[in-house]
Amino acid sequence: MNRFLACFLLLVSTTMGYSQDIPLSQILVPSENWKKTTLSNLSALASDSQGALFLANSKTKSISKLDSNGKTTDVVMDAPAKALALDSLGGIYLASGSNILYAASGNAKASMIIEGLDCIALCTLNQGKCYGAAPTEKAIYLFDKSGAKKKVNTEDAVISLAVSNDETTLFAGSADGRSVFTFRIEQNGDITAKDRYVAPRKPLAGVTGSVPGMTLDKANRIYAATSLGVQVFDPTGRLCGVLLQPDFPSFASSIAFAGSDKSTLYALVGQNLYTRKILFPGK
Amino acid sequence: MKRFLSCACFLALFCNFLIAADDYVLGIDSQPNPSTPKGKIEKSEWKSNIFPGTVREMLIYVPAQYDGKTPAAVMIFQDGSSYANEKGQFRATVVFDNLIHKKEMPVTIGVFLNPGTVPASNAKEKGRSNRSFEYDTPSDQYATFLEKEILPEIEKKYNVRKDPAGRALCGISSGGICAFTAAWERPDLFGKVLSHVGSFTNIRGGDVYPGMIRKTEKKPIRIFLQDGSNDLDNLHGHWPLANRSMAASLKFAKYDFVYVEGDGGHNGKHGGVILPESLRWLWRE
């Protein structure tokens, strides 16, 4: 029944413009909550277009692939990573220390492609290029696996990145938690027309917010990991609701949709991995 | 069971509007009159810097009575093309023709602005709509856009009033709260607001206004609010309650305001029918 309802709502939301005004009750699976997996010592996660989840292990310094049965297989060795992104060929970009590495599909060894670039978030385009957020220098870079790089933003400390399904818009979560910026992605990958398109809910008092992780679903809804929980916004930037933290008061630092139908939301909390079924599949 | 549920979902999503009575009929002031001089409409595209990368359509209505010597009033409509549509729910240019001719409102330049879109760099893709960001955000960005970009463009072309009482803002739904927000932020620029089924709800935090109105020294803004008892009730809020709350706060703070609630839903039928009397009230001396 849930699958039937999800299919119906997905059809409506993606084809008829009704991805707006959808409350959490139509996004969350009834009675489903966050579930803690047995996986730990994790430092980063990302998914590919087929729904495979890739996890960086800080203890083994390896990148493993999680299959639909929950079994992990190491795919890259000797590569500690604080951020990951998969390209359309199955290659993996890694932010490792102050360097950017790349491991081609099937190659267990990652090669350094850019030295001295300290990125905290990565996000790929279909053409194979990758954006990297470098908040310490308030910059966003665009690079490819050859190591060619270009600074495409020079004024914003952002700590999370996501690209819209049609690759027209780059979403970037600000380090101060005030905004998710939007940029128009130009044909050459440059980013223009910045605005503070999405305003995440902030704590009523006390600590400031942040947006350390972000992903999109197929209807271009924005899932932003924040200190209050995962905040879901419709494609026009309006808040649909806030998912509670998987492990209060800790909060997710990175999130991604994965699984056979990409309808499982994975969240990295501390070094642990949590999962939650969602009615709409991810991008 | 599944078939029943899918039908129920479909009906719930698409047939909300059937609940409302909405049996409003446009009056004579909303109909073209062959003996009434007709204003001219100039169409252009506006590229904004305040909302970077956006483009939008702008229609400027110039009444036949405008002579260029006496400064005309200015009224800016959000979602402008729907207000300017002569076969739509509002038919604002027709109403302007009739009321200005009868001297029931001043000679007024109408500016009909659509929300911005950020065009995709790939022409095959759809651009990003900026409507909710521009209209629903309770900030001064839209007022700044009007101040720095639209008003100078109008003032470059036409002799218009620069006093806030000579400038009005109007909008429907998110455009309604947008009109209020711009005047609230810049009462030195805009002194009149007309809101139809205004979204004074928590789309982007706009539900704060009733509380703010009560605890802020009264601003020199004249406000006409319209809503319908069958308006939206969704995740963002309850539109009739939000508008009633706005009205109660405006009354508490002794504003010059009117709140009219019909039995319609989230559309411009009722607002369109009462547009002539709304404009007479808003523009009265």
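The values are calculated or read from the model by the stated rules, or taken from the named source; none is laboratory data. Predicted model, so just to flag it, every value in this text is computed and none were measured. As a convention, Cβ positions derive from the backbone with ideal geometry for all residues, glycine included, and neighbour counts pool all protein chains shown.
Can you go through B:158, B:66, B:142, B:61 and tell me which one is more than 24 Å from residue B:182 (Cα to Cα) and at pLDDT 95 or above? Checking each option against the conditions leaves just B:66. Within the range B:237-273, the set of residues being touching a helix residue (DSSP H, G or I) at 6+ places or on another chain (Cβ under 8 Å), free of Cβ contacts under 8 Å to residues at least 40 places away in the same chain and in a helix (DSSP H, G or I) comprises B:248, B:250, B:252. Among the residues making up the range B:118-139, a single one is within 17 Å of the chain's Cα centre (by Cα) and over 13 Å from residue B:177 (Cα atoms): B:130. Based on what the data block shows, is residue A:78 under 26 Å from residue A:175 (Cα atoms), acidic (Asp, Glu) and surrounded by fewer than 22 Cβ atoms within 10 Å (Cβ to Cβ)? Spelling it out, it is not the case that residue A:78 is under 26 Å from residue A:175 (Cα atoms), acidic (Asp, Glu) and surrounded by fewer than 22 Cβ atoms within 10 Å (Cβ to Cβ). The criterion of at least 2 residues that are in contact with a helix residue (DSSP H, G or I) (Cβ under 9 Å, 6 or more places away or on another chain) and either aliphatic (A, V, I, L, M) or at the interface with chain B (Cβ under 8 Å from one of its Cβ atoms) (or both) is met, among strands (runs of 3 or more DSSP E) falling completely within the range A:179-229, by A:191-198.
Quick one: in the range A:163-178, of everything that is within 14 Å of another protein chain (Cβ to nearest Cβ) and of a type in the set (D, E, K, R), which residue is surrounded by the fewest Cβ atoms within 10 Å (Cβ to Cβ)? Checking each candidate, the answer is A:166. Please indicate, with yes or no, whether at least one residue in the range A:11-18 is buried (at least 21 other Cβ atoms within 10 Å of the Cβ) and at pLDDT below 95. Yes, the range A:11-18 contains at least one residue that is buried (at least 21 other Cβ atoms within 10 Å of the Cβ) and at pLDDT below 95.
Being modelled with pLDDT of 95 or more and in contact with a helix residue (DSSP H, G or I) (Cβ under 6 Å, 6 or more places away or on another chain) holds for only one residue in B:71, B:52, B:32, and it is B:32. For the range A:177-229, residues that are basic (Lys, Arg) and touching a residue at least 60 places away in the same chain (Cβ under 8 Å) total 2. Residues in the range B:51-60 include at least one that is in contact with a Lys or Arg (Cβ under 7 Å, 6 or more places away or on another chain), small (Gly, Ala, Ser), assigned to a loop (DSSP other than H, G, I, E, B) and within 14 Å of another protein chain (Cβ to nearest Cβ).
Table: residues versus (1) in contact with a Pro (Cβ under 9 Å, 6 or more places away or on another chain); (2) assigned to a helix (DSSP H, G or I); (3) within 14 Å of chain A (Cβ to nearest Cβ); (4) modelled with pLDDT under 95.
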| residue | (1), (2), (3), (4) |
| --- | --- |
| B:87 | no, no, no, no |
| B:94 | yes, yes, no, no |
| B:98 | yes, yes, no, no |
| B:104 | yes, no, no, no |
| B:109 | yes, no, no, no |
| B:112 | no, no, no, no |
| B:123 | no, no, yes, yes |
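Taking the range B:203-230 as the range and being within 14 Å of chain A (Cβ to nearest Cβ) and in contact (Cβ under 8 Å) with a residue 60 or more places away in the chain as the test, the residues that pass are B:203, B:204, B:205, B:206, B:208.
Residue-wise test of (1) away from chain B (no Cβ under 14 Å); (2) part of a loop (DSSP other than H, G, I, E, B); (3) surrounded by fewer than 21 Cβ atoms within 10 Å (Cβ to Cβ).
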position: A:118; (1), (2), (3): yes, yes, yes
position: A:123; (1), (2), (3): yes, no, no
position: A:131; (1), (2), (3): yes, no, no
position: A:136; (1), (2), (3): yes, no, yes
position: A:141; (1), (2), (3): yes, no, yes
position: A:146; (1), (2), (3): yes, yes, yes
position: A:151; (1), (2), (3): yes, no, yes
position: A:161; (1), (2), (3): yes, no, no
